[in-house]
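The values are calculated or read from the model by the stated rules, or taken from the named source; none is laboratory data. Since we're looking at a predicted model, the values are computed, not measured. Quick reminder, even Gly has a Cβ in these numbers, built from the backbone with ideal geometry, and neighbours come from all protein chains shown. Remember, those area values only see protein heavy atoms, side chains included, never the ligands or the DNA or RNA. Shrake-Rupley method; radii C 1.70, N 1.55, O 1.52, S 1.80 Å.
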Amino acid sequence: MTENLAVSSTTTISRLSPAKINLFLHIMGKRPDGYHNLQTVFRLLNWGDYLHFWLADDAVIQTANIKPDANKLCHELLVLAGIETITADIEDNLIFKAARALLAFAIQSDALPEQLKRVRITLDKRLPMGAGLGGGSSNAATTMLALNEIWQLSFNQNELINIGAKIGADVPIFIFGQDAIATGIGEELTAIDLPEQQYLVLTPNAHVNTAKLFAHPKLQRDIAPLSIDMIKNQSNHYVQNLNTPYQNAFTPVVTSLAPAVDEALRYLQGLEIQALSIARMTGSGSAVFLPLDRSVTSNQALLTKWIEDSPCTGFVVGSLK
């Protein structure tokens, strides 16, 4: 991959790569392909990483001069920079994988333009890794959306979701770009209209391998499926509170394996009476969050104290609207 992108005139496109939380997360069984069927409600947040796409007006690649190999073409077109972007093997990076998958689909669909702009991508990393906030998946989706526009590929949302699902189960929700009920492995999405909300999010310094969690003997994998209509009509059971049958199936396993997550969740549970809500974990952890009632969000001094007293880093963030 070329290390420098010489420019005479540049355009910069900056995009929020938002975080997500799971308001609940149910596992309904293992699939023949090794993945698990799940049900969840994804909530996108107005907080996350930022990706900056630098375009050199005169730096283009004539695709006819390169054998239609998505990997080689991706190396020619992209320069990656920024915290957490460069890995031991760049081809394992989710941003690179997203661009490569996009190019592969363009080649397969015979939709590759005759020339493509070279792009320098800078990542302003704010979301902790392994927190269940979807940082890497969001980076991949944001990259796909931006490059689809920059390279004028014109793939529609469903095409991008299908491409993204092959990169990771959480990628489709960020391409979908709105709160949604998710089924399948997370790629079957139904929009849901939820009230605006603010959250106190804590990010303990802990990480439990997702594969280890799915293999854990105490993980409940047979939660009965709920109808889409039921989930839509019962949002009052999981938006502010978390009433039966809604739960996060990973919580008891993660809190037993990661004391820092257990401590952070217990801290938030101690605030539930004041917040008028129920604390919970997002995804497979490690981040935990507490929905905040409007009566609390107007009290900045109280929120500041809650963050200062928390056992780990905390943020007050809002839903993405």
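Per residue, the accessible area of the chain comes to 45 Å², computed with a 1.4 Å probe over protein heavy atoms only. Helix 300-309 and the longest principal axis of the Cα set of the chain meet at an angle near 90°. Sum up the charges of everything whose Cβ sits under 9 Å from the Cβ of Pro172, counting Lys and Arg as +1 and Asp and Glu as -1, but leave Pro172 out. That works out to -3.
Think of region 64-154 as having a plus end and a minus end, set by charges on the Cβ of Lys, Arg, Asp and Glu; of Leu102, Pro68, Asn148, Asn148 sits farthest toward the positive end of this dipole.
Rolling a 1.4 Å probe over the protein heavy atoms of region 166-215, with every protein chain left in place, gives an accessible area that is 44 percent carbon and sulfur. Here r is the Cβ-Cβ distance between Ala81 and Ala191 and R0 is 30 Å; the resulting FRET efficiency, rounded to 0.05, is 0.30. When a 1.4 Å probe is rolled over the protein heavy atoms, the share of accessible surface on region 27-82 that falls to carbon and sulfur comes to 51 percent. Using every pair of distinct Cα positions in the chain, the Kirkwood expression returns a hydrodynamic radius of 20.7 angstrom.
Given their separation in residues at 0.36 nm each and the Cα-Cα distance between them, Asp92 and Ala301 gain 70.9 nm when the chain is fully extended. The accessible surface of region 258-321, taken with every protein chain in place and a 1.4 Å probe, is 53 percent carbon and sulfur. The long axis of helix 259-269 is offset from the longest Cα principal axis of the chain by roughly 60 degrees. When peptides 173-179, 255-261 are sorted by average Cβ neighbour count within 10 Å, with the highest value leading, the order is 173-179, 255-261. What pairs from Lys67/Lys166; Lys125/Lys212; Lys20/Lys117; Lys125/Lys321; Lys97/Lys321; Lys30/Lys218 go past 19 Å between their alpha carbons? The pairs that break the limit, which is 19 Å between Cα atoms, are Lys67/Lys166; Lys125/Lys212; Lys20/Lys117; Lys125/Lys321; Lys97/Lys321. Per residue, the convex hull around the alpha carbon atoms of region 197-274 comes to 121 Å³. If you plug the beta carbon distance of Lys232 and Thr12 into 1/(1 + (r/R0)^6) with R0 = 51 Å, you get a FRET efficiency near 0.80.
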